[in-house]
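Below is one structure, written out as structure tokens, with a few remarks after it.
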Number of protein chains: 2
Amino acid sequence: MSQAEFAERGDKKSVEDGDLLMPKFDADGLIAAVVTDVATGDVLMVGYMNAEALKRTIETGEAWYWSRSRQSFWKKGETSGQIQSVQEILTDCDQDALVLKVSVAGNGATCHVGYRSCFYRKIVKAADGSTRLERVEADKVYDPAEVYGKG
Amino acid sequence: MSQAEFAERGDKKSVEDGDLLMPKFDADGLIAAVVTDVATGDVLMVGYMNAEALKRTIETGEAWYWSRSRQSFWKKGETSGQIQSVQEILTDCDQDALVLKVSVAGNGATCHVGYRSCFYRKIVKAADGSTRLERVEADKVYDPAEVYGKG
């Protein structure tokens with residue numbers, strides 16, 4: 001293999017126990033990538049990669065995704081400056097998910113809403129079984145209107 | 001809302017900025033759930049939930065998933081004893097992904113291969129651009145053959 005080519009999917013044992021990268025892309029050609037802060041371990045976002053985005057990420061050391069909403073490649077931080085420098089990529093037993101440990105450039109935030117992590121709310125359950133969301137990040141890192149413009 | 005009913009999807013502002021849980025399920029009716037160890041922050045696995053699995057998880061405090069391979073509900077740990085006690089559930093900006101912070105019962109492992117985390121391998125890039133996988137967990141927590149039987 002050269003230039004981050006992937007091996008063909010093998011049998012269960014080779015996928016789970018082997019040392020060849022044989023990612024499983026779903027029906028849309030995508031694999032889920034969980035992005036964590038290499039310093040704190042906090043989950044920052046979940047993105048999706050197609051084979052080409054994964055190759056670019058491995059080759060450049062900066063995270064590329066496939067935007068499902070825009071149906072286009074997306075280099076994280078290209079507009080916002082929030083470039084993800086990839087320190088480590090893990091894969092799971094059946095190689096259908098990835099964990100990227102990253103450090104974030106620019107203002108250090110990941111979420112377009114302004115928070116450090118996209119996971120800035122937790123589910124809180126009331127005594128009657130109803131749920132609501134509560135902030136776990138008190139303050140935004142930046143005001144998106146100043147970066148992306150209003151509206 | 002009662003008994004973990006979900007709100008209907010609202011506009012962008014209410015999804016991103018509101019306090020109502022309005023999860024976005026994909027075309028297969030699923031939402032990705034990243035499971036982390038509440039003590040260490042390590043990512044243990046990525047599972048998928050349909051609306052009913054998410055409701056059961058919120059109501060019982062133990063993690064339920066939808067198995068895409070078996071097309072059935074799956075209470076994690078029902079066979080293995082590796083029950084996930086859910087300490088916190090986070091959702092992201094567009095509410096199409098979840099983070100579950102859990103403590104794991106039984107032998108404390110999560111992966112059916114025997115490791116503590118399903119993410120027991122990292123991608124290593126050689127000088128020529130080729131990749132291979134390398135263990136990040138030195139030892140298995142348990143021998144799956146002893147739990148699930150051989151073959």
- request: Enumerate the amide H contacts of A:LEU21 below 5 Å, restricted to partners 5 or more residues apart or on another chain; note that Pro and chain-start residues carry no placed amide H.
  value: A:ALA7, B:LEU133
- request: Determine, for B:TRP66, A:TRP74, the number of other Cβ atoms within 10 Å of each Cβ, and report the residues in order from fewest to most.
  value: A:TRP74, B:TRP66
task: Take each of the peptides A:23-32, A:77-86, average the number of other beta-carbon atoms within 10 Å over its residues, and list them starting from the highest.
output: A:77-86, A:23-32
- prompt: How high is the FRET efficiency between B:THR79 and B:LYS13 when r is their beta carbon distance and R₀ equals 30 Å, given to the nearest 0.05?
  reply: 0.10
query: Which lysines have a Cα lying under 20 Å from the Cα of B:LYS75, excluding residues fewer than 8 positions away in the same chain?
result: B:LYS55, B:LYS101
statement: Taking only the alpha-carbon positions of the protein assembly as shown as identical scatterers, the Debye log10 I(q)/I(0) at q = 0.09, 0.12, 0.16 Å⁻¹ comes out as -0.44, -0.80, -1.44
query: Looking at region A:1-71, which GluC sites (Glu not before Pro) are DSSP coil and have at most 15 other C-beta atoms within 10 Å of their C-beta?
result: A:GLU5, A:GLU8
- prompt: Where the label is 7 Å out from Cα toward Cβ, how close does B:PHE73 come to the same position in every other copy, in nm, shortest first?
  reply: 4.4
query: Taking the Cα centre of region B:1-107 as the origin and placing charges on Cβ (Lys, Arg +1; Asp, Glu -1), which of B:THR79, B:ILE31, B:GLY41 is farthest toward the positive end of the dipole?
result: B:THR79
- line: Relative to chain A, whose Cα atoms define the longest principal axis, helix A:51-60 and its Cα axis are tilted in degrees, nearest 10, by 80
- prompt: If you plug each phi of region B:128-138 into the Karplus form 6.51 cos²θ - 1.76 cosθ + 1.60 with θ = phi - 60°, what whole-Hz ³J(HN,Hα) values come out, in order, with x for Gly and Pro?
  reply: 7, x, 6, 10, 8, 9, 10, 5, 9, 9, 5
field: Cβ-placed point charges (K, R +1; D, E -1), dipole of region A:79-142 about Cα centre in debye, nearest 20
entry: 380
- request: Quick one: go through region B:51-66 and flag any residue whose amide nitrogen is under 20 Å from the point 7 Å out along the Cα-to-Cβ line of B:ALA105.
  value: B:53-66
- line: Semi-axes of region A:104-151 from the Cα gyration tensor (sqrt of 5 times each eigenvalue, largest first, whole Å) come to 28, 12, 7
- request: Order by neighbour count: B:THR57, A:THR60, fewest other Cβ atoms within 10 Å first, most last.
  value: A:THR60, B:THR57
- request: Jot down the radius of gyration and Dmax of region A:12-113, Cα atoms only, both in angstrom.
  value: 13.5, 43
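Rule-based calculations on the coordinates, nothing more; no lab input. This is a predicted model, so every value here is computed, not measured. Cβ: placed from backbone, ideal geometry, glycine included. Neighbour counts: every protein chain shown.
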